[in-house]
Each structure stands twice: as structure tokens, then as C-alpha cells.
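Down below is the structure, laid out as C-alpha cells.
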Amino acid sequence: MGQRRLAIIGSGPAGYSAAVYAARAQIETTLFAGQQAGGQLMLTTEVENYPGFGQGIMGPQLMAEMRAQAERFGATLIDHDVLRVDFSKQPFKLFAGHHIHQGSEEHVHPEHAGHDEPGHHAQLEEIAHEDSDEFDAVILATGAHSIPLGVAGEAEYTGRGVSYCAVCDAAFFRDKQVYVVGGGDAAMEDTLALIKFAKQVTVIHRRDSFRASKIMQQRVLEDNKDKVKTWWNAEVKEIKGNGSIIESIVVADTISGDQQEVPAEGLFVAIGHKPATDFLDGQVQLDEKGYVVARMSPSASGLALAQDHLDERGLLTFPTMTSVTGVFAGGDNVDFRYRQAVTAAGMGVMAALDASWWLEQDK
Ligand SMILES: Cc1cc2nc3c(=O)[nH]c(=O)nc-3n(C[C@H](O)[C@H](O)[C@H](O)COP(=O)(O)OP(=O)(O)OC[C@H]3O[C@@H](n4cnc5c(N)ncnc54)[C@H](O)[C@@H]3O)c2cc1C
């Protein structure tokens, strides 16, 4: 049998780290980086919490380093999207190409979506060409993106006071007046991360109660009363600033429709994430939110999948394998909980090691 071929789909920390390990282990590795290569860290400025960079590193520079490292060990990088897959039999078939965008798509949270709302455009696109290739194993590392509010000023002030990751950015908001938008556990977690630094955190929610778990609500609303305020039945309509940094937000009352502009030094959007898994079209098990289910997923679906894959000693085999034998996954397309560059990189490495051991065993 010739050299076994591995495809990695996605070029964030998970995909590049997987490629470094797989290519260095002498596996013929092809990484489909996508048209927007580099993942979420391409959208940020300074990353202060990636180990090994004591003085911090700019997000795009970190991703350029990871890409160069994957190439150095011989991974082939293709800047095309995988458009569809055929996992019905081995070898697995991937169809890759690039889209020509003729319109724009802004993902809008279902709660905020309305077809006649500004900012919601249908996506008009064509596929310029499509190639197919076959692989013995596949790693899904397609990541996720935060769902934006879809309001004026949001794109302009992202990274300039508007953030989608409190764990990443809270420390930049010491003694500042900040707002969190959302009402689920993610919004509560962001609030808790922020109160360690910010002067005051106000949680803006469209309804008059949170849907977050009781314990999270208690930690936010009761244990931290002095620092946290709530603004019920409210939605952010616009984000304003001086061209380089956020200065205020326009908030509307969802019942009366009245609007007011208030000063803001930071705005954290926590209304959900969308994993990039639509292209899999049901060929791998996904959970109800679209995350890939791996044997190690910390969910009921993950536990159910894991139960059938314990060895005679009761140890889980190939923890990063999905519902399809030979297809592995790691990073933010699996991980709905930690969502950090270093955890994504770690999961990518786990997927690459599992894939290489499985390929060895499957010879
Ligand atoms: C603004 C911002 C700031 C952040 N700051 C920090 C920080 O300071 N520290 C930290 O630890 N974390 C930070 N994070 C979180 C961190 O970026 C993510 O946890 C991490 O990037 C996830 O890595 P990933 O490899 O799983 O996926 P991603 O980074 O999402 O990368 C996935 C890649 O796969 C590509 N892709 C998707 N579908 C396909 C397909 N079909 N074919 C080919 N390619 C595809 C995508 O285009 C993307 O390039 C931040 C996130 C954001 C948005």
C-alpha cells in the first residue's frame, strides 16, 4: 500500500497544529486552508494568552508563524474551501473550490434577524471551479464564528472596544464602563470574566429574564450585585465612536421602541457561535447547534458515541474520532466550551495523533 493520505480541513490553530504533527510524522498531509485562511485570530490584534509569547503577539502574525511551521514540515496547503464531502465509503472524497461572492452575507442571530432589517443580505455566489481528491483519513478543523449583532458601527469598532471574547479581552478593559449583550450562559460567563477588571458591567438583554442556568444567574445577579447592572427589554441599535475607538451605544427599548444613547467604553457580544459545519451536509453526526460530535465531546451525544468505543480496559479509543470511522475533529467546530486558540491547537494535535495511529493500525 502506498503512503496514506490525510486531509485537514481548516486553517485556524487547530488545523495548522494538526498539520505540523501529521506532516512531521511523515504522513502525506494536505491542508485545505479555505478562502479566509488563518481563522478567527486574523480578526484580532494582540493575543496575550498564547503560551510562549511573553510579550504578546499579533493574531495574524501568530497565524502566519503556524502556517510557515506546517509548510516547513512538508504539508501541502491549498487556499480553497472544501465545498462538500463524500464520507459514505473509504477512501473519502473531498470536493474543493472557491466561491466568487457577488453579494455579502452577514450572519445575524435568529433573535435579531428579520429579512427587511438592514445588514441582512442574501448571499449571491458562484462556485468558480471544483476539484475532487481522495484521502484515507480526514480531520475537521473548520472552527466557528461568533454571531454578530448586525448593527451599524459593529464592524468598524470590532477590536476597538467591540469584542466577542471576554476571556481573551477582559484584561484590556480595566476600570472601564462596559456592556455585555446576551442572556445565556455565555453572556453570564463573559460578565464574570469582566467584573474582575471593569468598573461596571451592564448586561443588555432583549427579554425581562435570562435564559442562562440558575447557578450562573445567581453568580452574576446576586453574588456581584455591586458591579453588575441589568438592562432588560433592550437591544443595541448602533455603535458609535470617534473613528478609532467606541464611545457610545444607541439602545432601544423593545417594548416602547424609545431609543437612548449612552456612553460606552466596551461592548461584548455574547449571543452565540456558529460552527462552520454546513458543508458536511449530515454526513457526520452534529449536535443540535451544529457542532461536530466527537467521542470526547463533553455532551450527552459525545458520551453516547464514546460508550461504544471503550477498549477491554475501559479506556476510550481515538477520542477525537467522529461518528465516521477515519474522520476526526478538533477545535472550535467541536468545542462549544473553551474556545481558545491554545485549546483549539491542542485538540488539533490530538486529532493528528489519533489519525496517525489509526492510519497505522488500519494499514
Ligand atoms: C476577535 C477574536 C479574538 C480572539 N482572541 C483570542 C485570544 O486572545 N486568545 C485566545 O486563545 N483565543 C482568542 N480567540 C478565540 C480563538 O481565535 C479561537 O478559539 C480559535 O481560533 C479556534 O481555532 P480553530 O482552529 O478551531 O478555528 P478557527 O480559528 O475558526 O479557524 C477555522 C478556519 O477554517 C476555515 N474553514 C471553515 N470551513 C472551511 C471549509 N469548508 N474549507 C476550508 N476551510 C474552512 C475558516 O475559514 C477558518 O480560517 C479570539 C477570537 C476572536 C473572534
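The values are calculated or read from the model by the stated rules, or taken from the named source; none is laboratory data. From a predicted model like this one, the values you see are computed outputs, not experimental measurements. Here the Cβ is made from the backbone with ideal geometry for all residues, glycine too, and neighbour counts use every protein chain on show. Note: areas computed on protein heavy atoms with side chains; ligands, DNA, RNA excluded. Shrake-Rupley method; radii C 1.70, N 1.55, O 1.52, S 1.80 Å.
A few points about this structure:
- The listed residues are L6, L94, and the only one of them that is within 11 Å of the ligand (Cβ to nearest atom) and part of a strand (DSSP E or B) turns out to be L94.
- Every listed requirement among (1) part of a loop (DSSP other than H, G, I, E, B); (2) within 16 Å of the ligand (Cβ to nearest atom); (3) not polar (S, T, N, Q) is met by F328 save one, (1).
- Candidates A306, A276, A329: the one that is of a type in the set (G, A, S), under 14 Å from the mean Cα position of the chain (by Cα) and farther than 17 Å from A22 by Cα is A276.
- Within the range 300-318, residues that are part of a loop (DSSP other than H, G, I, E, B) reach partners that are among the β-branched types (V, I, T) with beta carbons closer than 8 Å, at six or more positions or on different chains, in the pairs H309/T317; D311/T317.
- Pick from the range 30-49, criterion closer than 18 Å to D131 by Cα and in contact with a Ser or Thr (Cβ under 7 Å, 6 or more places away or on another chain), ranking: farthest from the ligand (Cβ to nearest atom): T30
- Residue count for the range 28-57, restricted to those that are in contact (Cβ under 8 Å) with a residue 60 or more places away in the chain, part of a loop (DSSP other than H, G, I, E, B) and in contact with a helix residue (DSSP H, G or I) (Cβ under 8 Å, 6 or more places away or on another chain): 7
- Residue list for the range 333-348, restricted to those being touching a Phe, Trp or Tyr at 6+ places or on another chain (Cβ under 7 Å), open to solvent by 30 Å² or more (accessible area, probe 1.4 Å) and part of a helix (DSSP H, G or I): V342
- The range 186-202: number of residues that are in contact with a Phe, Trp or Tyr (Cβ under 8 Å, 6 or more places away or on another chain) and open to solvent by 40 Å² or more (accessible area, probe 1.4 Å): 1
- Of all residues in the range 207-223, those that are surrounded by 16 or more Cβ atoms within 10 Å (Cβ to Cβ) and in contact (Cβ under 8 Å) with a residue 24 or more places away in the chain total 6.
- All of A37, A22 fail the test of being in contact with an Asp or Glu (Cβ under 6 Å, 6 or more places away or on another chain) and of a type in the set (A, V, I, L, M), apart from A37.
- Selection status of A25, aliphatic (A, V, I, L, M), touching a strand residue (DSSP E or B) at 6+ places or on another chain (Cβ under 9 Å) and touching a residue at least 24 places away in the same chain (Cβ under 8 Å): no
- Check on Y16, within 14 Å of the ligand (Cβ to nearest atom), closer than 24 Å to H145 by Cβ and open to solvent by 20 Å² or more (accessible area, probe 1.4 Å): no
- Any pair with Cβ under 7 angstrom, 6 or more apart, that starts in the range 152-166 at a residue that is at positive phi and ends at one that is aliphatic (A, V, I, L, M) and assigned to a strand (DSSP E or B): G153/I239; G161/I246; G161/L267
- Among the residues of the range 154-177, not a single one is open to solvent by less than 20 Å² (accessible area, probe 1.4 Å), more than 14 Å from the ligand (Cβ to nearest atom) and more than 19 Å from N49 (Cα to Cα).
- The residue pairs whose first member lies in the range 324-350 and is among the β-branched types (V, I, T), whose second member is near the ligand (Cβ under 6 Å from one of its atoms) and open to solvent by less than 20 Å² (accessible area, probe 1.4 Å), and whose beta carbons are closer than 8 Å, counting only pairs six or more residues apart or on different chains, are V342/P13.
- Residues of the range 277-297 that turn out to be assigned to a loop (DSSP other than H, G, I, E, B) and either open to solvent by 40 Å² or more (accessible area, probe 1.4 Å) or of a type in the set (F, W, Y) (or both), as a count: 8
- Inside the range 147-185, residues that are touching a His at 6+ places or on another chain (Cβ under 8 Å) and small (G, A, S) make up a count of 3.
- Restricting the first member to the range 228-252 and to residues that are small (G, A, S) and surrounded by 17 or more Cβ atoms within 10 Å (Cβ to Cβ), and the second to residues that are outside any strand (DSSP E or B) and at pLDDT below 95, the beta-carbon pairs closer than 7 Å and six or more apart or on different chains are G241/R160.
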